[in-house]
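Inspection log for the structure reproduced underneath, given as structure tokens.
Any read-out appearing in this document is the output of simple, stated calculations on the displayed coordinates, not a laboratory observation. Owing to the predicted nature of the structure, the values given are computational and were not obtained by experimental measurement. When we count neighbours, we look across all protein chains shown, and the Cβ atoms used for this are built from the backbone with ideal geometry, even at glycine.
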Amino acid sequence: MKFFIVKYTGPFGFIKPWTAVRDEEVYSQQFLTPSIVGGIERKLFPELLKEEWGIYKIKGHRLSYSQISQQQEQTQPRGWNEKMRGKNKEYSRPYAILNRGVLVNPVLYLAFETKENAERAEKQHVCLARNEDILYPETGIMEISEQEFEQNEELFSGFELVFEKNDDAFLVGYNRMNNNKPMYGWLRVVGNPVKNVY
């Protein structure tokens, strides 16, 4: 099968954790979950917004970066704590500090089955999770075989979460776009995903 590859780059990118503590369980800020890939696909192809949840046009992806910069973020829970002070009620929401990673110099490859889909994608930017973290396409679409995309360590090194549930799969989150269903996948690592020179 032929793949048409679009390459995206940017100075940084943020991948939102699926729980505040998920990196204690799975060091997962280095790969894209099905919901992130599905969100990117719907940004590139808005007609898919009316379709049932699924990933239709992106047939593979690969993500690499030069490092992960740990950032602190202050959060508050949604609910309020109620406490009585004499005859008065006092409401408060406690603060917490989370450490979240920002990818430095991310490189994202998206694989499509048709040249038309790749051409549409090549004319647009993508966001890994938050709108301010934008990756821009590089000009030129690569046409290669699926096997070369999966094995060429020089051109396509990086992390790819393969969206299958098998003996190697692990839980990577809950999809809010699909009734909070659990998302599973196994990690394909090609070459050296953490680069020092780009």
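FRET efficiency for GLU153 and ASN99, Cβ-Cβ distance as r, R0 = 41 Å, nearest 0.05?
0.85
Give me the extension gain from THR139 to ARG176: residue separation times 0.36 nm, minus the current Cα-Cα distance, reported in nm with one decimal.
Result: 10.0 nm gained on full extension.
Could you check the spin-label model distance between ASP167 and GLN76? Points 7 Å from the Cα along Cα→Cβ, value in nm.
Simple spin-label model gives 5.0 nm for this pair.
Counting other beta carbons within 10 Å of each residue's own, what order do ILE58, ILE134 fall into, fewest first?
The fewest-first ordering by Cβ neighbours comes to ILE134, ILE58.
Taking 8 Å as the Cα distance limit and 6 or more residues as the minimum spacing, I'd like the relative contact order of the chain as a percentage.
33 percent
Once you place label points 7 Å from the Cα toward the Cβ at GLN67 and LYS195, how far apart are they in nm?
1.7 nm
If you plug each phi of the range 161-166 into the Karplus form 6.51 cos²θ - 1.76 cosθ + 1.60 with θ = phi - 60°, what whole-Hz ³J(HN,Hα) values come out, in order, with x for Gly and Pro?
So the Karplus estimates, Gly and Pro as x, are 7, 8, 7, 9, 9, 9 Hz.
Compute the distance in nm between two label points, each set 7 Å from the Cα along the Cα-to-Cβ direction, one at TYR91 and one at LYS123.
Computed distance between label sites TYR91 and LYS123 equals 4.9 nm.
Would you pull out the residues with amide H under 5 Å of ALA129's amide H, same chain only if 5 or more places away, H placed 1.01 Å from N?
So ALA129 has HN proximity to PHE14.
So for each of 123-130, 2-9 I average, over its residues, the number of other beta carbons within 10 Å; can you give me the resulting order with the highest mean first?
So the peptides 123-130, 2-9, ranked by packing, come out 2-9, 123-130.
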